[in-house]
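**Student:** The structure is given below, and queries will be raised subsequently.
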Amino acid sequence: MCGIAGIVTFARERSITPTEIRLMCDAIVHRGPDDEGIYTDGSVGLGARRLSVIDVATGHQPIQNEDGSIWVVLNGEIYNFHELRSDLEARGHRFRTRTDTEVIVHLYEEYGEACVAKLRGMFAFAVYDKRDNSVLLVRDRLGKKPLVYAVLDDGIYFGSEIKSIFAVKPALRECNLEGVFHYLHFGYIPDPLSAFQRIKKLPPGHLLRLANGQIKIESYWTMPDFASDSSFSEEECLDQMEQGLGEAVRIRLVSDVPLGAFLSGGVDSSTIVALMARLSDRPVKTFSISFPEADFDESGYARTVARTFATDHHELVVTSDFNEDLQAICAGLEEPFADSSMVPTYHVCRLARQHVTVALSGDGGDELFGGYDRYFRVLRRSALDRIPKTVGSCYRRWIYPRLPNGFVARQLMYDAGLGVRDRYLNDIATFVTQDRDSDLFSPELLREFSNFRSPLSLFAETWELSKGTDNVSRMQYLDLCTYLPSTILTKVDRMSMMTSLEVRAPLLDHEFVRWSASAPSAQRTSARNPKAILKKLAKRLGVPLEVINRPKQGFAVPLVHWMRGSLKRELLDVLLEPRSLQRGYFREQGLRALLQEHLSGRRDRSHSIWQLLMLELWHRNYVD
């Protein structure tokens with residue numbers, strides 16, 4: 001695991017210096033505290049910060065081929081590198097190291113940019129080919145590893161984090177209002193947008209090639225559709241699932257440093273721990289966090305699983321006294337980001353790093369097997385489909401804005417006549433700035449937003465790309481393309497890398513993702529039994545029934561309690577300071593009404609308030 005950075009200049013008279021690349025690398029030392037490597041060659045510079053996991057002794061980057069004509073820097077892990085190496089050696093390639101990074105060098109020699117199709121893992125890498133003076137940037141299929149870039153007049157700058165680009169181009173700290181527009185809707189900024197005008201993210205499953213001054217960006221992999229194959233029985237489905245997920249876990253246990261697992265006490269992480277225990281010849285090290293607030297605490301379930309599989313279990317209690325942590329977290333995020341589970345994720349990563357360098361997680365289970373409550377909440381409102389669209393439209397336009405915020409069923413009736421797709425988009429949007437929540441935002445901001453295409457319409461396009469056989473499958477497809485890379489995987493990457501910990505997600509092995517998309521829909525999930533097939537596998541593996549049958553809780557912090565108690569004064573101070581109000585985002589009256597609605601207990605608006613708080617803290621850290 002590493003952080004990478006680089007520059008390719010368009011100006012023939014300019015040469016990239018090692019000092020420039022070192023500045024970029026210094027900004028991401030946390031991603032790779034063990035080693036630094038820099039290579040410059042006229043118009044090209046590559047750099048890497050290394051967290052040593054595979055081939056600790058000789059895996060120094062950048063890595064070159066036999067004659068020095070091809071150079072590579074990699075952030076991530078290639079899990080099938082042993083098989084690839086054997087094939088490449090049979091083809092005559094000579095290896096100098098035992099690291100997985102060197103496999104990419106020789107694969108590129110053999111297959112060019114098509115080499116990416118052979119890689120199984122999580123990765124973002126750059127290849128410099130001196131033979132034609134080209135550079136190839138690649139991001140993994142699911143978006144586990146980040147890759148950002150800026151195309152400027154003098155060249156292209158890229159790296160694992162935006163901070164690397166700022167290290168040599170500080171003038172790029174210019175707020176991208178279109179990114180803020182998307183953030184206010186969904187709590188994150190989806191690819192390829194970023195929070196800064198000139199900086200973009202390479203989308204998952206894409207590559208960028210720079211040759212002869214021309215940039216080409218294209219997709220090399222697309223998300224599989226949830227088009228169910230009903231030709232195999234439940235028992236066959238379980239057998240295939242056990243074999244496929246077991247293989248995904250097995251290849252992620254390869255490490256030259258200590259390795260463990262996150263254990264939340266849910267079905268996803270418990271299943272991964274069960275498979276790890278089966279494959280390991282020593283107790284698995286597991287890590288979990290707990291909260292004093294009982295309705296958010298899962299630690300009892302985690303301890304039950306730990307006892308069942310005899311793990312070496314470690315636990316940490318998290319309280320709301322986390323001002324210093326929050327400042328550190330926000331400083332590391334680079335963009336406004338509203339998933340409050342980043343706080344427990346940060347703490348469990350920090351706990352794990354005290355004992356191991358690599359941890360496996362259960363990320364991806366909800367997206368692959370329909371575990372989110374919102375999928376079925378939207379379907380339960382199907383009675384609203386019978387209301388004529390014209391009636392629903394009139395309600396949203398004329399009646400909804402005139403009803404007070406606390407009015408019973410005000411939000412529910414907003415869904416009237418929308419249909420499943422638009423009802424789901426409305427449900428996952430925290431704020432719909434141009435319509436539903438316009439009374440919160442300033443007229444000036446709404447005028448600016450009118451210049452951009454609606455985030456809802458862009459997500460609707462992704463929904464329509466799905467050929468899923470049912471509406472839950474379409475929701476899963478949308479989330480895998482948007483929410484998963486831009487929220488779940490972004491959170492895990494940033495929080496783990498802040499603590500110099502590598503996290504691997506077996507459920508998101510791209511081969512297993514392809515299989516799960518083909519599993520029969522009725523076996524995969526249902527309103528009465530979300531994640532049905534995953535629960536049956538967990539039972540087969542010996543996960544306790546009390547864990548399998550427990551109500552879904554989610555990996556979240558107790559914001560609703562903290563924002564009415566210990567954090568009340570702090571959030572009011574931040575959001576209502578003149579400094580915050582003068583940004584011109586909000587109507588003060590609308591903002592005070594939102595805060596009062598939550599603090600009075602009339603409605604839980606903790607997520608909405610947190611989202612606004614994260615936006616303000618981002619401004620203070622990165623724009624001001």
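The values are calculated or read from the model by the stated rules, or taken from the named source; none is laboratory data. These numbers were taken from a predicted model, which means no experiment stands behind them. Please note: Cβ atoms are built from the backbone with ideal geometry, for glycine as well, and neighbour counts cover all protein chains shown. The accessibility values were calculated without ligands, DNA or RNA, using every heavy atom of the protein model including side chains. Shrake-Rupley method; radii C 1.70, N 1.55, O 1.52, S 1.80 Å.
**Student:** Name the single residue that is nearest to Ala167 (Cα to Cα) among those in the range 190-220 being open to solvent by 60 Å² or more (accessible area, probe 1.4 Å) and not in a loop (DSSP other than H, G, I, E, B).
**Tutor:** Step by step, filter the range 190-220, then rank; the result is Lys200.
**Student:** Same structure, new question: Can you name every residue in the range 152-189 that is over 29 Å from Asp422 (Cβ atoms) and assigned to a helix (DSSP H, G or I)?
**Tutor:** Ile162, Lys163, Ser164, Ile165, Phe166, Ala167, Val168, Pro170, Ala171, Leu172
**Student:** Do any residues in the range 308-319 that are among the small types (Gly, Ala, Ser) have Cβ atoms under 8 Å from those of residues that are open to solvent by 60 Å² or more (accessible area, probe 1.4 Å), where the two are at least six apart or on different chains, and which pairs are they?
**Tutor:** Ala310/Pro283
**Student:** Would you mention how many residues in the range 221-239 are surrounded by 16 or more Cβ atoms within 10 Å (Cβ to Cβ) and farther than 18 Å from Lys467 by Cα?
**Tutor:** 2
**Student:** Next question. Can you name the residue in the range 81-134 that is buried (at least 21 other Cβ atoms within 10 Å of the Cβ) and part of a loop (DSSP other than H, G, I, E, B) and, of all such residues, is farthest from the chain's Cα centre (by Cα)?
**Tutor:** Thr99
**Student:** Ok, one more. Residues to consider are Thr19, Thr40; find the one that is out of contact with any Phe, Trp or Tyr (no Cβ under 7 Å at 6 or more places or on another chain) and part of a strand (DSSP E or B).
**Tutor:** Step by step, each of Thr19, Thr40 is checked, and only Thr40 is out of contact with any Phe, Trp or Tyr (no Cβ under 7 Å at 6 or more places or on another chain) and part of a strand (DSSP E or B).
**Student:** Right, another one. Specify the residue that is surrounded by the most Cβ atoms within 10 Å (Cβ to Cβ); the eligible residues are those in the range 24-58 that are farther than 14 Å from Gly3 by Cα and of a type outside the set (Ser, Thr, Tyr).
**Tutor:** By that ranking, first place goes to Gly45.
**Student:** Does the range 454-471 hold any residues that are within 26 Å of Leu177 (Cα to Cα), surrounded by 12 or more Cβ atoms within 10 Å (Cβ to Cβ) and not polar (S, T, N, Q), and which are they?
**Tutor:** Selection gives Pro455, Leu456, Leu458, Phe459, Ala460, Trp463.
**Student:** Please work out which one of (1) open to solvent by 10 Å² or more (accessible area, probe 1.4 Å); (2) out of contact with any strand residue (DSSP E or B) (no Cβ under 7 Å at 6 or more places or on another chain); (3) not aromatic (Phe, Trp, Tyr) is the condition Leu425 fails and give its number.
**Tutor:** Checking Leu425 against (1) open to solvent by 10 Å² or more (accessible area, probe 1.4 Å); (2) out of contact with any strand residue (DSSP E or B) (no Cβ under 7 Å at 6 or more places or on another chain); (3) not aromatic (Phe, Trp, Tyr), the one that fails is (1).
**Student:** Of the conditions (1) in contact (Cβ under 8 Å) with a residue 60 or more places away in the chain; (2) part of a helix (DSSP H, G or I), Thr433 clears all except one; give me its number.
**Tutor:** Condition (2) is where Thr433 drops out.
**Student:** From Leu571, Leu613, which residue is buried (at least 20 other Cβ atoms within 10 Å of the Cβ), under 30 Å from Leu446 (Cα atoms) and at pLDDT below 80?
**Tutor:** Within the list Leu571, Leu613, the selection yields Leu571.
**Student:** Can you spot a residue in the range 367-376 that is open to solvent by 70 Å² or more (accessible area, probe 1.4 Å), on the phi < 0 side of the Ramachandran plot and not aromatic (Phe, Trp, Tyr)?
**Tutor:** Within the range 367-376, one or more residues are open to solvent by 70 Å² or more (accessible area, probe 1.4 Å), on the phi < 0 side of the Ramachandran plot and not aromatic (Phe, Trp, Tyr).
**Student:** Taking the condition of a type in the set (Asp, Glu), free of Cβ contacts under 8 Å to residues at least 60 places away in the same chain and open to solvent by 30 Å² or more (accessible area, probe 1.4 Å), does Asp256 pass?
**Tutor:** no
**Student:** Moving on to the next point. Can you go through Phe186, Phe158, Phe166 and tell me which one is farther than 25 Å from Gln214 by Cα and either among the small types (Gly, Ala, Ser) or touching a residue at least 60 places away in the same chain (Cβ under 8 Å) (or both)?
**Tutor:** Exactly one of Phe186, Phe158, Phe166 is farther than 25 Å from Gln214 by Cα and either among the small types (Gly, Ala, Ser) or touching a residue at least 60 places away in the same chain (Cβ under 8 Å) (or both), namely Phe186.
**Student:** For Pro506, all conditions in the list (1) over 23 Å from the mean Cα position of the chain (by Cα); (2) of a type outside the set (A, V, I, L, M); (3) surrounded by 20 or more Cβ atoms within 10 Å (Cβ to Cβ); (4) under 24 Å from Asp268 (Cα atoms) hold save one; what is the number of the exception?
**Tutor:** Pro506 satisfies every listed condition except (1).
**Student:** Right, here's the next one. Output yes when any residue across the range 265-280 is touching a strand residue (DSSP E or B) at 6+ places or on another chain (Cβ under 7 Å) and over 23 Å from Lys552 (Cβ atoms), and no when none is.
**Tutor:** The answer is no, given that none of the residues of the range 265-280 is touching a strand residue (DSSP E or B) at 6+ places or on another chain (Cβ under 7 Å) and over 23 Å from Lys552 (Cβ atoms).
**Student:** If you don't mind, another one. Looking at the range 488-514, which of its residues are assigned to a helix (DSSP H, G or I) and of a type in the set (S, T, N, Q)?
**Tutor:** Thr490, Ser496
**Student:** Could I ask something else about it? If I filter the range 65-79 down to residues being touching a residue at least 24 places away in the same chain (Cβ under 8 Å) and out of contact with any helix residue (DSSP H, G or I) (no Cβ under 7 Å at 6 or more places or on another chain), which single residue comes out as surrounded by the most Cβ atoms within 10 Å (Cβ to Cβ)?
**Tutor:** Asn75
**Student:** Any idea how many residues of the range 377-392 are touching a Gly at 6+ places or on another chain (Cβ under 9 Å) and either touching a residue at least 24 places away in the same chain (Cβ under 8 Å) or buried (at least 24 other Cβ atoms within 10 Å of the Cβ) (or both)?
**Tutor:** Of the residues in the range 377-392, 8 are touching a Gly at 6+ places or on another chain (Cβ under 9 Å) and either touching a residue at least 24 places away in the same chain (Cβ under 8 Å) or buried (at least 24 other Cβ atoms within 10 Å of the Cβ) (or both).
**Student:** Can you confirm whether Val543 is modelled with pLDDT of 95 or more and surrounded by 19 or more Cβ atoms within 10 Å (Cβ to Cβ)?
**Tutor:** When the stated conditions are applied, Val543 passes them.
**Student:** Quick check, is Ile21 open to solvent by less than 10 Å² (accessible area, probe 1.4 Å), out of contact with any helix residue (DSSP H, G or I) (no Cβ under 6 Å at 6 or more places or on another chain) and without any contact (Cβ under 8 Å) to a residue 40 or more places away in the chain?
**Tutor:** yes
**Student:** Could you pull out the residue among Ala338, Ala352 that is open to solvent by less than 10 Å² (accessible area, probe 1.4 Å) and assigned to a helix (DSSP H, G or I)?
**Tutor:** Checking each option against the conditions leaves just Ala352.
**Student:** Next question. Here are His561, His619, His607: which of them is modelled with pLDDT of 85 or more, open to solvent by 30 Å² or more (accessible area, probe 1.4 Å) and touching a helix residue (DSSP H, G or I) at 6+ places or on another chain (Cβ under 9 Å)?
**Tutor:** The conditions single out His607.
**Student:** In the set Ala522, Ala517, which member is part of a helix (DSSP H, G or I) and open to solvent by less than 30 Å² (accessible area, probe 1.4 Å)?
**Tutor:** From the options Ala522, Ala517, the qualifying one is Ala517.
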